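This report concerns only the one structure given below.
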Amino acid sequence: MSEDSEWLKDHGYLPENNPLYSEMYVKEYLEFVGQLYRIKNPPIEELIEKIGLSSQFKKKIGDLSKGFKQRVGLAAALLHDPKYLILDEPTTGLDPNQIIEIRKIIQDLGKKKMVFISTHILQEVEAMCKDVVIIQKGEIVLNQSLKELQSNKEQIIEVSFDYRVENLACLLYTSDAADEGLGVDLGGRGIIKK
């Protein structure tokens, strides 16, 4: 087995823009993915149940909501039982109920697999992650447990833009400054009172 094949065997990936064949039925698509991975008896029925696709597996993928399309992509990423699961913005574009359901599925998966979530939505980090790694321009700039990160009241957050920001009304508060009614205006006026 080549190095690339070994890597593919160990990793499952769900991209943000899930590339699915809209004219295929859910079960047909998962069988197709199983053939690509050369799985003799892929656990399709088990995954359909686990991921919450039971009511949708006889439908064409093109007829599914974004939430169910995400679930199909997640089932495809899990079909070969990878050790590591990489999820890129797994809840983007989902309605609030779908977000809750997908988070629960991901948390359950995290009990048995190492799950990496790429997101810019801090609520997703708080809802699903134990550890946080922030990478900027290919460099790790932060690597802490979520608890450590949340307990640190003195945090410095540097914001930079690659373009000029006009009419920006954005305030950044530290916990102590917020208690005193102070904030930092990122629009350039310095420290201001609420």
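Taking only C-alpha pairs under 8 Å that are 6+ residues apart, what is the relative contact order of region 1-132 in percent?
Reported as a whole number, the value is 30 percent.
From the phi of every residue in region 9-14, what ³J(HN,Hα) in whole Hz does the Karplus formula 6.51 cos²θ - 1.76 cosθ + 1.60 yield, where θ is phi - 60° and glycine or proline is x?
5, 8, 10, x, 9, 10
Show Lys27, Lys137, Lys104, Lys113 ordered by accessible area, largest first, where the area counts protein heavy atoms only and the probe is 1.4 Å.
Ranking Lys27, Lys137, Lys104, Lys113 by accessible area, largest first, yields Lys137, Lys104, Lys27, Lys113.
Write down the radius of gyration of region 1-154 and its Dmax, each obtained from C-alpha positions, in Å.
Values for region 1-154 (Cα only, Rg and Dmax): 16.5, 54 Å.
Under a point spin-label approximation (7 Å from Cα along Cα-to-Cβ), what is the Lys40-Met24 distance to one decimal in nm?
So the two model labels end up 2.2 nm from each other.
Under a crude label model (7 Å from the Cα following the beta-carbon direction), how far is Val132 from Ser55 in nanometres?
3.5
From the Cα trace of region 1-85, what convex hull volume per residue do you get, rounded to a whole Å³?
Here the figure is 92 Å³ per residue.
So what are region 75-140's ellipsoid semi-axes, whole angstrom, largest first, if each one is the square root of 5 times an eigenvalue of the alpha-carbon gyration tensor?
Calculated on Cα positions only, the semi-axes equal 19, 17, 11 Å.
The values are calculated or read from the model by the stated rules, or taken from the named source; none is laboratory data. If you're wondering where the values come from, they're calculated on a predicted model, not measured in any experiment. Note: ideal-geometry Cβ built from the backbone for every residue, glycine included; neighbour counts use all protein chains shown. To get the accessible areas, we keep the full protein, side chains included, count just its heavy atoms, and leave off ligands, DNA and RNA. Shrake-Rupley method; radii C 1.70, N 1.55, O 1.52, S 1.80 Å.
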